[in-house]
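Below is one structure, written out as structure tokens; comments come after it.
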Amino acid sequence: MASRLLWASRAASFLRISTINRGFSSVLKDLKYADTHEWVKVDGSSAIIGITDHAQDHLGDVVYVELPDVGNEVTQGKSFGAVESVKATSDINSPVSGEVVDVNTELNGSPGLVNASPYDKGWIIKVQIKDQNELDSLMDSERYTKFCEEEDAKH
């Protein structure tokens, strides 16, 4: 048992995954987070958007992801699609405003990627950012972790 835990923590440290034991899922340091549980990975003037590990954990098994069309405009704080799970359907809100330049069509056939790999293979859209200043209103990983802990304590 101990050797398996040691192996897991070595693997986690190699993969740069947090192994801090806490009541909820992983939060990545280099991302920005919205209070509606979406994440943004900024790359110059574009951003990759998905739902957080915390969100997918609360949703349960995702069975369908409603994706917008490439070319659609998204607005910070407004819904651009939905995630349907065995428990509920939830809107996906855009953490930034801009134009959709790519969508993860893999999710059409494999919506479970949102559960299995929310920060990697389960990304949802890529957006050309309209206003970089909107990023200032998003949370960093520490604030988002605290936000999730406080939210979970209320439930």
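The values are calculated or read from the model by the stated rules, or taken from the named source; none is laboratory data. Note that the coordinates shown come from a computational prediction; the quantities given were computed from them, not determined experimentally. Cβ placement follows ideal geometry from the backbone for every residue including glycine, while neighbour counts extend to all protein chains displayed.
If the Cβ limit is 9 Å and pairs must be 6+ apart or interchain, which residue in the range 128-155 that is without any contact (Cβ under 8 Å) to a residue 24 or more places away in the chain pairs with which residue that is surrounded by 15 or more Cβ atoms within 10 Å (Cβ to Cβ) and of a type in the set (A, V, I, L, M)?
Glu142/Val27; Lys146/Met139
Note down all Cβ pairs under 8 Å where the first residue falls in the range 73-97 and is in contact (Cβ under 8 Å) with a residue 60 or more places away in the chain, the second is among the aromatic types (Phe, Trp, Tyr), and they're at least six residues apart or on different chains.
Listed pairs, sorted by first residue: Pro95/Tyr33; Pro95/Trp39.
Within the range 53-98, track down each residue that is hydroxyl-bearing (Ser, Thr, Tyr) and either out of contact with any helix residue (DSSP H, G or I) (no Cβ under 8 Å at 6 or more places or on another chain) or part of a strand (DSSP E or B) (or both).
Scanning the range 53-98 gives Tyr64, Thr75, Ser79, Ser85, Thr89, Ser90, Ser94.
Is it fair to say Asn115 is assigned to a helix (DSSP H, G or I), under 25 Å from Lys29 (Cβ atoms) and among the polar types (S, T, N, Q)?
In short, yes.
If you check Val83 against the conditions, is it at pLDDT 90 or above and among the hydrophobic types (A, V, I, L, M, F, W, C)?
Yes, satisfied.
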